[in-house]
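> Just passing along the structure, written as structure tokens.
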Amino acid sequence: MRHTIIDADAFRDFEAAGWEEKTAPYHRFFGRITGRAIERLLDAAQVGAGTSVLDIATGPGYLAGRAAGRGASVIGTDIAPAMVALARELNPGIEFRRADAEELPFGDGSFEAVFGNFVVPHLGRPERAVEL
């Protein structure tokens, strides 16, 4: 079996650039699909009032918004500045930051619940984003 080696940095840059251009189509179409899993994810993590939540690759901030609606303290991150801007527009009052899921600017144990809804296929080094 032959293994293809990818340039993980080039893949990250490709993904970030692609999402910069796709914010509106994502919001119009894919958000309805990816949003279906949110309530079950929040329920599984028992997110409620006072829970500290990190939403990695937040996109338009759907999960962050729903977690905040439950009373959680939420920060959302995304690699694409256009997605961060859309998340801020759709979810005023929630903190959103530009950040790479593979190199998050938070220390261990900073959050009680961490989510990455549909992010793994978009990472060149997914093991970095899911390290425990």
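The values are calculated or read from the model by the stated rules, or taken from the named source; none is laboratory data. Given the structure is predicted, the values throughout are model-derived calculations rather than measurements. As a convention, Cβ positions derive from the backbone with ideal geometry for all residues, glycine included, and neighbour counts pool all protein chains shown. Ligands, DNA and RNA are stripped out before the accessible areas are found, and what is left, the full protein with its side chains, is counted by its heavy atoms. Shrake-Rupley method; radii C 1.70, N 1.55, O 1.52, S 1.80 Å.
> Say a site is exposed when it is one of the GluC sites (Glu not before Pro), sits in a DSSP loop, and has at most 16 other Cβ atoms within 10 Å; what is then the longest site-free stretch of the chain? Let's see the in-between values first.
Details: sites that count: E103, E112, E131.
The reported range is 1-102.
> Given a cut-off of under 8 Å on Cα pairs at least six residues apart, what relative contact order in percent is computed for the chain?
27 percent
> While we're on this one: For a quick check of your reading of the filter: which chymotrypsin sites (Phe, Trp or Tyr not before Pro) in the range 44-126 sit in a DSSP loop and have no more than 16 other Cβ atoms within 10 Å? Show your work: numbers first, answer last.
Numbers: sites: Y62, F96, F106, F111, F115, F118; in loops: F106, F111, F118.
Answer by residue number: F106, F118.
> Next up: If I histogram all Cα-Cα distances within the chain using bins 5 Å wide from 0, what percent of pairs lands in each bin?
Taking all Cα pairs of the chain, the binned fractions are 2, 11, 21, 23, 21, 13, 6, 3, 1, 0, 0 percent.
> Follow-up. Put a dot 7 Å past each Cα toward the Cβ at E89 and A17; how far apart are the dots in nm?
2.3 nm
> Can you tell me the dipole magnitude for the range 1-64 around its Cα centre, using point charges on the Cβ only (Lys, Arg +1; Asp, Glu -1), in Debye to the nearest 20?
Once rounded to the nearest 20, the dipole reads 340 debye.
> On to the next question. Mind checking the angle between helix 8-21 and the chain's longest principal axis? C-alpha axes, 0 to 90 degrees, to the nearest 10.
Approximately 60 degrees, to the nearest 10.
> If the only charges are +1 at each Lys and Arg Cβ and -1 at each Asp and Glu Cβ, what is the size of the charge dipole of the chain around the Cα centre, to the nearest 20 debye? Before the final figure, lay out the partial values.
Numbers: 14 positive and 19 negative charges, 114 e Å.
Computed about the Cα centre, the dipole is about 540 debye.
> Using a 1.4 Å probe on the protein chains only, how many percent of the accessible area of the chain belongs to carbon and sulfur?
Values: 4300 of 7970 Å².
Using a 1.4 Å probe with all protein chains present, the chain comes out at 54 percent carbon and sulfur.
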